[in-house]
Amino acid sequence: MSKPFQISLAPEQLFQPINPLTFFQQGASFGIINVNFGQTPRPDIEQDILEEVGSYGRQIGRIGDALEILLKNFEPANQDERDAIDALRGQLAGIRQIKRRMQSPRASTIET
């Protein structure tokens, strides 16, 4: 008798070696918030900056605020520059809207 037609969508054996000595070198992370410092030569300095100066988002936000002030006095020389500046201004405006939305007190309505 011939063997019936069979199709397999999964391998017959599932095997994944887990070596606890190399587990943390493979990019594994634990916790709710994990910051990947990449291949920085001094992660201790970056950690101090985050703790003492501000998060990456706060640092970038302040750079954006300063750029917005500088852009008010800048006249683009060509269309490519205008497009790049318009894109940045659009992003900065979007960030401002989100900040306002998150900072404004929400009116709470209670139905009686």
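Take the range 56-71 and flag every residue that is at pLDDT 90 or above and not small (Gly, Ala, Ser).
Correct list: Arg58, Gln59, Ile60, Arg62, Ile63, Asp65, Leu67, Glu68, Ile69, Leu70, Leu71.
So the check is Cβ under 7 Å with 6+ separation or different chains; which pairs have a first residue in the range 57-86 that's under 23 Å from Glu46 (Cα atoms) and a second one that's at pLDDT below 95 and surrounded by fewer than 12 Cβ atoms within 10 Å (Cβ to Cβ)?
These pairs meet every condition: Gln59/Val53.
Does any residue of the range 94-106 turn out to be modelled with pLDDT under 90, at positive phi and under 17 Å from the mean Cα position of the chain (by Cα)?
no
Looking at Glu46, Glu81 in this structure, which one is touching a Ser or Thr at 6+ places or on another chain (Cβ under 7 Å), modelled with pLDDT of 65 or more and surrounded by 10 or more Cβ atoms within 10 Å (Cβ to Cβ)?
Glu46
The values are calculated or read from the model by the stated rules, or taken from the named source; none is laboratory data. Remember, predicted model here, so these are calculated numbers, not experimental data. Neighbour counts run over all protein chains shown; Cβ positions are idealised from the backbone, glycine included.
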